[in-house]
Structures are given as structure tokens and as C-alpha cells.
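In what follows, a single structure is set out as C-alpha cells and then discussed.
The values are calculated or read from the model by the stated rules, or taken from the named source; none is laboratory data. Computed from a prediction, not measured in an experiment: that's the story for all the values here. In this analysis, Cβ positions are derived from the backbone assuming ideal geometry, glycine residues included, and neighbour counts consider all displayed protein chains. To get the accessible areas, we keep the full protein, side chains included, count just its heavy atoms, and leave off ligands, DNA and RNA. Shrake-Rupley method; radii C 1.70, N 1.55, O 1.52, S 1.80 Å.
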Amino acid sequence: MSDFWIWMYGTLFFVLRYGLIAGCLYGVFYAGRKKEMWSRKIQSKWPSGIQIKSEIFYSLITLIIYGLGIWLFLYWVKNGKTRMYANIDDFGTLYFISSIVVMIVLHDTYFYWTHRLIHHKWIFKYVHLTHHRFSNPTPWAAFAFHPLEAIISMGIIPIILFLIPFHHWALFVFITFLTVYNAIIHLGFKIPYITSGEIQNTGEDHNLHHQGVAGNYGLYFNFWDKVMGTYCKQ
């Protein structure tokens, strides 16, 4: 398959994966406004149709930008610049699983510090304000970024590619987990038994951040927030 078609199919897959994950969560929690679901809503206000369309629009822009990154990925792989290995048996199943955990931990660290950076008063209105316009987010807001923020968020990928040996399926699992978790923390609903505020950055934590609280900058965990004194509870 040519690089062009890999890029086309890859970008389409990014979009379909986002649509499936965010769409399923939206369908379960928002469609029909079921009372048993609505009792778990973090903010009682119903997000407008205009907001949801805007969330989808900016998320699609972000995913198209992510798709363009496939060209760089292919170039690096073909020229032996990455640490990708072909067979899981080369490092074993335990390493395969461990590498996904390492990716998540690396990403959480990267996300926390870049997130704090784009909250700086000299940068915020040019980069991160777009995402914060969705103060009552839905899962469709998972990737609703300004293009510059989308580029910054991609920075974790080359760090992984160049830093640790990885199998392409491990990278796939990591990015899919990223998409699912990102949609969950933007869901706008409490999800008992799935998220715990002890170690995780929950939907409640992140929703508080979207409401303007200067804290809760983490993605998966609240480790860096607690270490740096930026963790806030509702």
C-alpha cells in the first residue's frame, strides 16, 4: 500500500474511532435525557446543539492534523529512525503490556506540563482558549483543540517513537485508550466504579477544570497535580 493510501485510511480511521467512541458515550448518556442518567450529570445545564457541532468541528480539525502526522511517522519508520520492532516475541508479551503502561505514564507527564504551559497568560488566549469555550463539555469535545494545541498534543508520539522499543499494536492500544479516556473525562457525567479520585483524573476533576478552576491539569492521573499543588476537588 502506498504512503498516500496509508495516510488516507489512517486519517479516516482516526475520525471513525473518535466518532464511534464519542458517539456511543453520547448515545448512552445524553440521548433521550433519561432521568436515571441525568441524576449523574455533573452540571445540570444541557449543552446546546451549537456547542456540540462546534466540538465536533474542532475535533475533526484536530484529527485531520493528526492524520498529517502519519507522513512523518512513515518517514521515520522507513528510515530506521524509530525503535519499532516487528514481532511481539522479540521482547515478549510482558514487555508488550508494560510498554503500553510506560506510554500512558509518559503521556500523562507530557500532558500535565504542556497543559500548564498553554495555560500561561501569554499563551492561553492564542492556543487553549478554544478548548475552554466548552465549559460544559460533552464527549465530542475530547479533541476540540485550536490547531496549535493539536500540534503540541502530538508531541508525545515522537517521544515514544524515539525513546522506547515499541510494537505497532502497542501504539495502537495506547492511542485507542487515550481516545476512550479523553472522551470519558469530557463526558460530563459521573461514572461510579470506573474512575477513582485517589489516583485518577476523573470526569468530575476535569469538568471542574473546564469551569475555570486553575488546577487539575492531568489527563489520566492526578499525581502531578498533587505533587505540584494544583489538585482541586469539587
| Is it the case that Asp108 is part of a helix (DSSP H, G or I), open to solvent by less than 30 Å² (accessible area, probe 1.4 Å), among the acidic types (Asp, Glu) and at pLDDT 95 or above? | yes
| If we scan the range 99-118, do we find a residue that is in contact with a Pro (Cβ under 8 Å, 6 or more places away or on another chain) and closer than 30 Å to Asn79 by Cβ? | yes
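So, in the range 122-138, of the ones that are in a loop (DSSP other than H, G, I, E, B) and among the hydrophobic types (A, V, I, L, M, F, W, C), which residue ends up most open to solvent (accessible area, probe 1.4 Å)?
Applying the filter and picking the extreme gives Trp122.
Is it the case, given these coordinates, that Thr114 is open to solvent by less than 50 Å² (accessible area, probe 1.4 Å), assigned to a helix (DSSP H, G or I) and closer than 18 Å to Asn216 by Cβ? Before the answer, list the steps.
Values: open to solvent by less than 50 Å² (accessible area, probe 1.4 Å): yes; assigned to a helix (DSSP H, G or I): yes; closer than 18 Å to Asn216 by Cβ: yes.
Yes: the conditions hold for Thr114.
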| Hits in the range 31-70 - residues which are modelled with pLDDT of 95 or more and among the aromatic types (Phe, Trp, Tyr) | Phe57, Tyr58, Tyr66
| remark: Among helices (runs of 4 or more DSSP H) entirely inside the range 139-196, those with 2 or more residues being of a type outside the set (D, E, K, R) and without any contact (Cβ under 8 Å) to a residue 12 or more places away in the chain are 168-185
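Can you find a residue that is part of a helix (DSSP H, G or I) and either within 30 Å of Tyr217 (Cβ to Cβ) or open to solvent by 60 Å² or more (accessible area, probe 1.4 Å) (or both) anywhere in the range 79-87?
Of all residues in the range 79-87, those part of a helix (DSSP H, G or I) come to none.
No, that holds for no residue.
Looking at the structure I just gave you, is Gly80 without any contact (Cβ under 8 Å) to a residue 60 or more places away in the chain, within 19 Å of His210 (Cβ to Cβ) and more than 21 Å from the chain's Cα centre (by Cα)? Outline the logic, then answer.
Values: without any contact (Cβ under 8 Å) to a residue 60 or more places away in the chain: yes; within 19 Å of His210 (Cβ to Cβ): no; more than 21 Å from the chain's Cα centre (by Cα): yes.
Criteria not met by Gly80.
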| request: Check Leu20, Leu60 and return the single one that is assigned to a helix (DSSP H, G or I), free of Cβ contacts under 8 Å to residues at least 40 places away in the same chain and among the hydrophobic types (A, V, I, L, M, F, W, C). | output: Leu20
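What residue, among those in the range 45-78 that are of a type in the set (A, V, I, L, M, F, W, C) and either touching a Leu at 6+ places or on another chain (Cβ under 9 Å) or over 25 Å from Thr11 (Cβ atoms) (or both), is surrounded by the most Cβ atoms within 10 Å (Cβ to Cβ)? If you could, list the steps in order and put the result at the bottom.
Residues of the range 45-78 that are of a type in the set (A, V, I, L, M, F, W, C), as a first pass: 46, 50, 52, 56-57, 60-61, 63-65, 68, 70-74, 76-77.
From what's left, either touching a Leu at 6+ places or on another chain (Cβ under 9 Å) or over 25 Å from Thr11 (Cβ atoms) (or both): 46, 50, 73, 76-77.
Details: Trp46: 14, Ile50: 8, Phe73: 20, Trp76: 16, Val77: 13.
It comes out as Phe73.
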